[in-house]
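Below is one structure; the comments refer to it alone.
The values are calculated or read from the model by the stated rules, or taken from the named source; none is laboratory data. Computed from a prediction, not measured in an experiment: that's the story for all the values here. Using ideal geometry, Cβ is built from the backbone for each residue, glycine included, and neighbour counts are taken over all protein chains shown.
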Ligand SMILES: Nc1ncnc2c1ncn2[C@@H]1O[C@H](COP(=O)(O)OP(=O)(O)OP(=O)(O)O)[C@@H](O)[C@H]1O
Ligand SMILES: [Mg+2]
């Protein structure tokens, strides 16, 4: 399942905004939305999550409802607002509209769930006939996802069937608690399988080394999927596991050294939890795939660079694409690094309620992205004005003025700053040229 297009009318700050993610039958897999604070990025992601919540609700039970549009979200001064989505699934388009009128007002557009009901019916019929039916992963990670609920005790025993993969999936959080409980339960089952296999060798005359090799091969398919995703995304991490002493915790090896997951940095913890969360849901929702990481999904990530070092920001989109090749990702970001390091990124800039496609940014350096896509000066305006005047005086061969401006620049920048070094070289060149001409 992929989103093909999306439209909101009178929601948040938008009167009428439409986004089309498809061109010539190709639907983009990585869509990045940039824009100033308050330009409406979160409004778009939240509205998509809200639309998708209706699929999740109805696939569980045809009479259920998803999240309703809150009155507060309807544009001020408008009596009503609506959200329309078109998804492509099984090579067909399905669309549905959600509308909300303020108290006592009439709706301009009606809620229409015909397309959704048709789509949901296909899934429910398939699931009725086949226990191993797959369901697309649909998740939303909001900008407050940084607070992870680390459980000290295991409280719930889970029955993880396909639809349980949707638990808490569009609430904006990284569901670390369920991840932990699920991981422990699956690992217990994996260990039981190992013991059973060991027992079966008891009466047979097999060399210990052969037995060990066989036992080590026993791996829970779902856990394997999470382990694989984490080490594809973060190659320095391996062997995520539950340890029982001194008390129950998740452990992982970082460059070969064992760490409690709680000891990781905020960025490491959050990234691992998010990648683990997507992989866990795929493994539950794609029971018949040999490699569930090839399952489909729609993943919404607000402020995708949250807590990430620039090095990781640069790799984020590329690594997510490698780890989850069939998922569609929609990100919002303030980071120029996120949008310049992967070719198949479609970037849109939000400006005055308009969503403007941004030209190919692949391979541009950060300064160019800041200047061209984010409309931001690469340095302080005052310093930039001196640098510009300095360059002008060099061009007009006015060495006295250039010297004066260099002094001014030095009040703002240290001697070893690249701009100072460049400027001194330019003055030196001008001196040499002047001497030659005399
Ligand atoms: N009901 C409403 N009617 C009109 N304008 C609204 C309404 N609700 C929110 N807004 C406007 O929308 C803006 C919030 O948009 P949103 O949170 O989507 O921005 P953002 O691009 O995610 O910003 P940031 O980068 O700071 O997270 C606010 O600045 C507010 O002015
Ligand atoms: Mg926001």
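Here are the numbers for this structure:
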item: Any hit, the range 27-42, residues being out of contact with any strand residue (DSSP E or B) (no Cβ under 7 Å at 6 or more places or on another chain) and at positive phi; result: yes
item: Hits in the range 123-141 - residues which are surrounded by 14 or more Cβ atoms within 10 Å (Cβ to Cβ) and in a helix (DSSP H, G or I); result: 123, 124, 126, 127
item: Hey, residue 382 part of a helix (DSSP H, G or I) and either surrounded by fewer than 16 Cβ atoms within 10 Å (Cβ to Cβ) or under 42 Å from the mean Cα position of the chain (by Cα) (or both) or not; result: yes
item: Selected residue (only one of 17, 116, 50 is within 16 Å of ligand 2 (Cβ to nearest atom), assigned to a helix (DSSP H, G or I) and in contact with a strand residue (DSSP E or B) (Cβ under 9 Å, 6 or more places away or on another chain)); result: 50
item: Filter pass, residue 39 being away from ligand 2 (no atom under 16 Å from the Cβ) and either assigned to a loop (DSSP other than H, G, I, E, B) or out of contact with any helix residue (DSSP H, G or I) (no Cβ under 9 Å at 6 or more places or on another chain) (or both); result: no
item: Verdict on residue 155 being surrounded by 16 or more Cβ atoms within 10 Å (Cβ to Cβ), over 18 Å from residue 227 (Cβ atoms) and at pLDDT below 90; result: no
item: Residue within the range 60-68 that is closer than 24 Å to residue 93 by Cα, part of a helix (DSSP H, G or I), away from ligand 2 (no atom under 13 Å from the Cβ) and touching a residue at least 40 places away in the same chain (Cβ under 8 Å) present; result: yes
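The rows are residues; the columns are (1) surrounded by fewer than 14 Cβ atoms within 10 Å (Cβ to Cβ); (2) assigned to a helix (DSSP H, G or I).
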position	(1), (2)
231	no, yes
242	no, no
262	yes, yes
268	no, yes
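Residue-wise test of (1) modelled with pLDDT of 85 or more; (2) in contact with a strand residue (DSSP E or B) (Cβ under 6 Å, 6 or more places away or on another chain); (3) away from ligand 2 (no atom under 16 Å from the Cβ).
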{"site": "289", "(1), (2), (3)": "yes, no, yes"}
{"site": "302", "(1), (2), (3)": "yes, yes, no"}
{"site": "313", "(1), (2), (3)": "yes, no, yes"}
{"site": "324", "(1), (2), (3)": "yes, no, yes"}
{"site": "346", "(1), (2), (3)": "yes, yes, yes"}
{"site": "359", "(1), (2), (3)": "no, no, yes"}
{"site": "362", "(1), (2), (3)": "no, no, yes"}
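Per-residue answers, yes or no, for (1) over 30 Å from residue 359 (Cα atoms); (2) more than 12 Å from ligand 1 (Cβ to nearest atom); (3) surrounded by 14 or more Cβ atoms within 10 Å (Cβ to Cβ); (4) at pLDDT 95 or above:
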{"site": "27", "(1), (2), (3), (4)": "no, yes, yes, yes"}
{"site": "45", "(1), (2), (3), (4)": "no, no, yes, yes"}
{"site": "55", "(1), (2), (3), (4)": "yes, yes, yes, yes"}
{"site": "83", "(1), (2), (3), (4)": "no, yes, yes, yes"}
{"site": "92", "(1), (2), (3), (4)": "no, yes, no, yes"}
{"site": "96", "(1), (2), (3), (4)": "yes, yes, yes, yes"}
{"site": "113", "(1), (2), (3), (4)": "yes, yes, yes, yes"}
